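Coordinate-derived values only; no laboratory data. Small disclaimer: the values here were computed from a predicted structure and weren't measured. Counting neighbours? That spans all protein chains shown, and the Cβs are built from the backbone with ideal geometry, glycine included.
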Amino acid sequence: AAAKAPGDPLVLPPNTSSDHFRNFINKAREITGPENVFVVEREDQLVDGNYMEPNKTHDMHHLFDRSYFASSATVAPRNVPEVQAMMRLCNEFDIPVWPFSIGRNTGYGGAAPRVPGSIGLNLGKNMNRVLEVNTDGAYALVEPGVTYYDMHQYLEKNNLREKVWLDVPDLGGGSIIGNAVERGVGYSPYGDHWMMHCGLEVVLPNGELIRTGMGAMPDRTAGHRDGLRPDEQPGNRAWQLFNYGFGPYNDGIFTQSSLGIVVKMGIWLMPNPGGYQAYMITFPRDEDLHQVIEIIRPLRVQMVLQNVPTLRSLSMDAAVHHPKSYYTDSDAALTDAQLDKIAKDLDLGRWNFYGALYGPEPIRNVLWSVIKESFSKIPGAKFYFPEDRPEENSILRTRAQTLQGIPTYDELRWIDWLPNGAHLFFSPISKITGDDAVLQYQITRKRCEEAGLEAICDFVVGMREMHHIVCIVFNREDSESKRRALWLIRTLIDDCAKYGWGEYRTHLAVMDQIANTYNFNDNAQMKLNEQIKNSLDPKGILAPGKNGIWPRSYHKDSWVL
Ligand code: ADP
């Protein structure tokens, strides 16, 4: 390769000369101010960081070379017109751009773009205001940089938790917008984050600004007036109250999507339920899985289980307590005998179920009696409240925070299962049945054992289905460990596709493979997606390749991984 001149990026965007790139960067500096443009010039600027200090340039949990999924530069707009100007500039220069809000997206690629050398559009750095919290309507309106932790602090500082609760995922550092648009989940009754969003403001690939749902209707009674910038107009008073507005409902095309940049989003908050009790139920035998899931289904569908509960494998809870080296010297996955011993030592089950009761005491008591009676059918089931588990790093006490919308960072610990711990998530969807759960678990364990990696997994139970979340922990400084992790996820995707189990979300490296499993009727859905993509983004500059959708301007066969 030619020697690089100062100012050249480590990774140029595709088909872009060094001069062209420099001209682009100069214009970007004029738009956002030079302090908001950072060109990655050297390998040593690709610092992985950690969850608390994430990088904005590449995938911290790199599965390939650190510089493969890396951006050429990051640009942080200060407001909506600058996002629009950046989209116009990228179109003019034919340079791909990858938006992110915070860039944590841990296990799915972090801030990294799918196409090496894309511009990382860092929305969270400067656009991070809580625009409104409305306690009567129980909703908030936020910008991309608002994290769960920020929102929690906002509610605390303004004494609003007495009125409304937030739903949070396992870790509190991600953005409310980034998580919802990726269709992430939390664990309270409001756990389906996309279901609970209401109203978007979106910059389209050509720089146009739209509001969805009721937001499309100007509202003079709310203060909408001529002369204000569109993005500064107060929203319609029902924008965060009614999702659909009039005509086709477009919000869905902006999730897991390359069709727009979400710059404002409404999210419903849960009214403070007036009482709360978290609990854990442990089940002693690996074989209890089938019966536990069969008991969960009717309770969840009827909403006796009010929240998104989780049934966690012992290995997940063991990994939160200690690294693998604490339990064994062996490189192999833990055996059943080892797992039984660990369960005994930690006083946990082979499966551990975490849920919560919401409402005043009489309501909680009724629900608890039904739940207790139902699970008591399993021999050896044990029931705990947080005060029954005073031990250090008690997972129940952490979950007791999460399930009432208080963000924590405790679940980070399982990433340290291996040295230089990094991870990928494998997350297929299935029916809530004992047969599905047992078969998925067997397949997962078999493949994990073949790869010499641990099956750290849990079942996250939604309204009518389960997300089976498998955390594939690998050593990111060990090329053999990376190779095995990639083999494992690729093999599991194919194995599960045979049973009609598809993933709900995935890492950059396997987006193409998974997109290809959703291929009903000769890939008809992909053809529709491509048609929409090519029509809204004719030059293919916004997040090309995201979720397997390649614009016409890319030769797909040479990009698919
Ligand atoms: P987190 O907020 O959890 O750190 P990210 O900011 O990394 O998550 O976002 C995860 C993914 O979601 C990004 O890679 C991008 O594809 C998409 N995304 C995030 N924010 C936006 C946004 N404001 N508009 C459109 N897509 C977004």
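Taking the highest mean first, how do the peptides 519-530, 418-429, 164-175, 337-348 order by number of other beta carbon atoms within 10 angstrom per residue? List each step's numbers first, then the result.
Numbers: 519-530: 12.2, 418-429: 20.4, 164-175: 23.8, 337-348: 15.8.
The densest-packed peptide leads the list: 164-175, 418-429, 337-348, 519-530.
Rounding to the nearest 20 debye, state how big the charge dipole of the stretch 343-406 is about its Cα centre with +1 on each Lys and Arg Cβ and -1 on each Asp and Glu Cβ.
260
Using only alpha carbon pairs under 8 Å that are at least six residues apart, calculate the relative contact order of the stretch 421-561 and give it in whole percent.
In percent, rounded to a whole number, it is 23.
By how many nm would the segment from residue 439 to residue 195 lengthen if fully extended, with 0.36 nm per residue of separation less the alpha-carbon distance?
85.0 nm
By the scheme Lys and Arg +1, Asp and Glu -1, what is the net charge of all other residues having a beta-carbon under 15 Å from that of residue 271? Don't skip to the answer; put the middle values down first.
Values: positive: 161, 163; negative: 136, 162, 167.
Charge balance near residue 271 sits at -1.
Would you mind pulling out the separation of the Cα centroids of the stretch 371-385 and the stretch 309-335, in Å?
Cα centroid of the stretch 371-385 versus Cα centroid of the stretch 309-335: 24 Å apart.
DSSP loop trypsin sites (Lys or Arg not before Pro) in the stretch 7-61 with at most 15 other Cβ atoms within 10 Å of their Cβ, which ones?
Taking the stretch 7-61 and a limit of 15 other Cβ atoms within 10 Å, the loop trypsin sites (Lys or Arg not before Pro) found are 42.
Go through 116, 67, 25 and say which Cα lies farthest out towards the positive end of the charge dipole of the chain; charges sit on Cβ, +1 for Lys and Arg, -1 for Asp and Glu.
25
Take 465, 361, 35 and order them by how many other Cβ atoms sit within 10 Å, fewest up front. Don't skip to the answer; put the middle values down first.
Working: 465 15, 361 12, 35 9.
Fewest-to-most ranking of 465, 361, 35: 35, 361, 465.
Positive end of the charge dipole of the chain (Lys, Arg +1 and Asp, Glu -1 on Cβ, about the Cα centre): tell me which of 81, 318, 126 has its Cα farthest that way.
Most positive-ward Cα: 81.
Compute the signed sum of charges (Lys and Arg +1, Asp and Glu -1) over the other residues within less than 14 Å, Cβ to Cβ, of residue 226.
Net local charge, residue 226 excluded: +1.
Find how much the distance from residue 224 to residue 51 grows on full extension, using 0.36 nm per residue of separation minus their present alpha carbon separation; answer in nm with one decimal.
Difference between extended and current length: 58.2 nm.
How large is the convex hull of the C-alpha atoms of the stretch 130-232 per residue, in Å³?
Residue-normalised Cα hull volume stands at 126 Å³.
Please report the projected area of the stretch 290-427's Cα convex hull averaged over all directions, in nm². Walk me through the intermediate numbers first.
Details: hull surface 38.6 nm².
One quarter of the hull surface, i.e. the mean projection, equals 9.7 nm².
Report the FRET efficiency, 1/(1 + (r/R0)^6), for residue 465 and residue 23, where r is their Cβ-Cβ distance and R0 is 60 Å, rounded to 0.05.
Details: r = 49 Å, r/R0 = 0.82.
Computed FRET efficiency for residue 465 and residue 23: 0.75.
Give the peptides 123-130, 214-221, 268-275, 109-116 in descending order of average Cβ contacts within 10 Å, highest first. Provide the component values of the computation, followed by the final result.
Working: 123-130: 19.9, 214-221: 15.4, 268-275: 16.9, 109-116: 25.6.
The densest-packed peptide leads the list: 109-116, 123-130, 268-275, 214-221.
Taking a threshold of 21 Å on the Cα-Cα distance, which of the pairs 56/556; 27/546; 372/446; 56/324; 27/125; 341/482 fall above it?
56/556; 27/546; 372/446; 56/324; 341/482
Sorting 98, 559 on the 10 Å Cβ count, fewest up front, what's the list?
Exposure proxy ranking, most exposed first: 559, 98.
Quick one: what does P(r) look like for the stretch 63-167 with 10 Å bins over all Cα pairs, in whole %?
With a bin width of 10 Å, the distribution comes to 14, 36, 27, 17, 6, 0.
Could you tell me what a quarter of the Cα convex hull surface of the chain works out to, in nm² with one decimal place?
26.1
Once the other residues with Cβ under 13 Å from the Cβ of residue 186 are scored (Lys, Arg +1; Asp, Glu -1), what is the net sum?
Summing Lys/Arg as +1 and Asp/Glu as -1 gives -3.
For a test of the definition: using alpha carbon positions, the gyration tensor, and the 1.5 limit on a/c, classify the stretch 182-300 as rounded, prolate or oblate. Show your work: numbers first, answer last.
Working: a/c = 3.50, a/b = 2.21, b/c = 1.58.
Here the stretch 182-300 falls in the prolate category.
What is the distance in Å between the Cα centres of the stretch 166-236 and the stretch 246-267?
About 8 Å separates the Cα centre of the stretch 166-236 from the one of the stretch 246-267.
Using a ≥ b ≥ c from the Cα gyration tensor of the stretch 512-561 (square roots of the eigenvalues), is it rounded, prolate or oblate, where a/c under 1.5 gives rounded and otherwise the larger of a/b and b/c decides, a/b for prolate?
Oblate, because a/c is 1.5 or more while a/b does not exceed b/c.
Output the Cα-based Rg and Dmax of the stretch 235-364 in Å, rounding Rg to one decimal and Dmax to a whole number.
21.4, 62
Starting from the 7 Å offset along Cα-to-Cβ, what nm value, one decimal, do you get for the label separation of residue 65 and residue 534?
Taking the two extended label points, one gets 3.3 nm.
Suppose only helical runs count, i.e. DSSP H with n ≥ 4. What mean residue ellipticity at 222 nm does that imply for the chain under -39500 (n - 2.57) per run, divided by all residues and rounded to the nearest 500 deg cm²/dmol? Don't skip to the end; give the middle numbers.
Details: 15 runs with 167 residues, N = 561.
Helix-only estimate at 222 nm: -9000 deg cm²/dmol.
Taking the chain as the reference, fit the longest principal axis to its C-alpha atoms, fit the long axis of helix 18-32 to the helix C-alpha atoms, and give the angle between the two in degrees, 0 to 90, nearest 10.
80
From largest to smallest, what semi-axes in whole angstrom does the stretch 93-133 give when each is the square root of 5 times an eigenvalue of its alpha carbon gyration tensor?
Ellipsoid semi-axes (Å, largest first): 23, 15, 6.
Pairing the Cα long axis of helix 434-451 with the longest principal axis of the chain, what angle in degrees results, from 0 to 90 and rounded to the nearest 10?
It is inclined by approximately 70 degrees.
Could you grab the relative contact order for the chain? Cα pairs under 8 Å, six or more apart, rounded to a whole percent.
This gives 15 percent for the chain.
May I ask for the angle, rounded to the nearest 10°, between helix 479-497 and the longest principal axis of the chain, with both axes built from Cα atoms and the value confined to 0 to 90°?
Helix 479-497 and the main axis of the chain meet at about 80 degrees.
Which number comes out as Rg/Rh for the stretch 109-151 once both Rg and the Kirkwood Rh are worked out on C-alpha atoms?
Taking Rg over the Kirkwood Rh, I get 1.15.
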